[in-house]
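In what follows, a single structure is set out as structure tokens and then discussed.
The values are calculated or read from the model by the stated rules, or taken from the named source; none is laboratory data. Worth saying up front: this structure is predicted, and the values here are computed from it rather than measured. Cβ sites come from the backbone with ideal geometry, for glycine too, and all protein chains shown count toward neighbours.
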Amino acid sequence: MPFNFLFFSITVFLVGWAGIGRAQSPPKPAKNPTEYAASSAIASTNSMEVLDDHRKICPGDRLSYRVVEERKAPAPLYVTDSGEVEVPLIGRISVVNKTCRQLAFDIKPALEKDYFYKATVIVGLDFSSMRSRGRVYITGEVKSGGPMEIPADETFTVTKALLRAGGFGDFANKRKVRLIRKKAENPSETETIYVDVEEIIEKGRQDKDPVLNPDDMIVVPKKLINF
């Protein structure tokens, strides 16, 4: 057998064997593009004023956390079932009924007390971990009352919840819908907010459409006079 032919055969075999080896190696899982976008946004944000101040943090959420002055990549914080997170340098703190912005401003003075002359704290929700934010309860003059899940991927308001419940009943008082919720400063007490849904819908007053929190109750009363 000519030497050139033998050399060519061995080369083809080795190349083919290497290709088989690569084919058998499992591909690396692709990075979740939503998770990448969320982490990237937190990494590029340097202002606490632009942090989300609407959605309340819920058990099971995953947060991205960084201190601008540290010049480090965002770190994950996991919200326990008891509503707490373990913050580097500080320890475990409660995040119940807090937004990302509120949490950042709560952490800031604790860091500046012992560790930083100035701390710019950035906290954001890792959207890849978002799920149902809890439930609200709808009763009264609606087509379909009862408990309703709060979607994690949208700003869920009183009007949206009522539309999802099938809309108003025939005798509903749309101008005096009651939103009953726990007080942030004292969850054992409640407060009542009156919502004029008719004005919100007819005049487009979205600024008067409250964002819902877990355990909120929406009560749609009857009109005093029906005609």
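Of the residues S64, S82, only one is touching a residue at least 12 places away in the same chain (Cβ under 8 Å), within 16 Å of the chain's Cα centre (by Cα) and not assigned by TED's automatic domain parsing to the domain that holds A152; which?
Just a single option satisfies the conditions, and that option is S64.
Which residue pairs have Cβ atoms closer than 7 Å, lie 6 or more positions apart in sequence or on different chains, and pair a first residue in the range 181-201 that is touching a residue at least 40 places away in the same chain (Cβ under 8 Å) with a second residue that is part of a helix (DSSP H, G or I) and buried (at least 16 other Cβ atoms within 10 Å of the Cβ)?
These pairs meet every condition: I200/T159; I201/T159.
Conditions first: (1) assigned to a loop (DSSP other than H, G, I, E, B); (2) modelled with pLDDT of 90 or more; (3) touching a strand residue (DSSP E or B) at 6+ places or on another chain (Cβ under 6 Å). L89 passes all but one, so which condition is the exception?
Of the numbered conditions (1) assigned to a loop (DSSP other than H, G, I, E, B); (2) modelled with pLDDT of 90 or more; (3) touching a strand residue (DSSP E or B) at 6+ places or on another chain (Cβ under 6 Å), the odd one out for L89 is (3).
Yes/no per residue for (1) assigned to a loop (DSSP other than H, G, I, E, B); (2) over 25 Å from the mean Cα position of the chain (by Cα); (3) more than 24 Å from R55 (Cα to Cα); (4) modelled with pLDDT under 90:
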residue: D153; (1), (2), (3), (4): yes, no, no, yes
residue: R175; (1), (2), (3), (4): yes, yes, yes, no
residue: E191; (1), (2), (3), (4): no, no, no, no
residue: F227; (1), (2), (3), (4): yes, yes, yes, yes
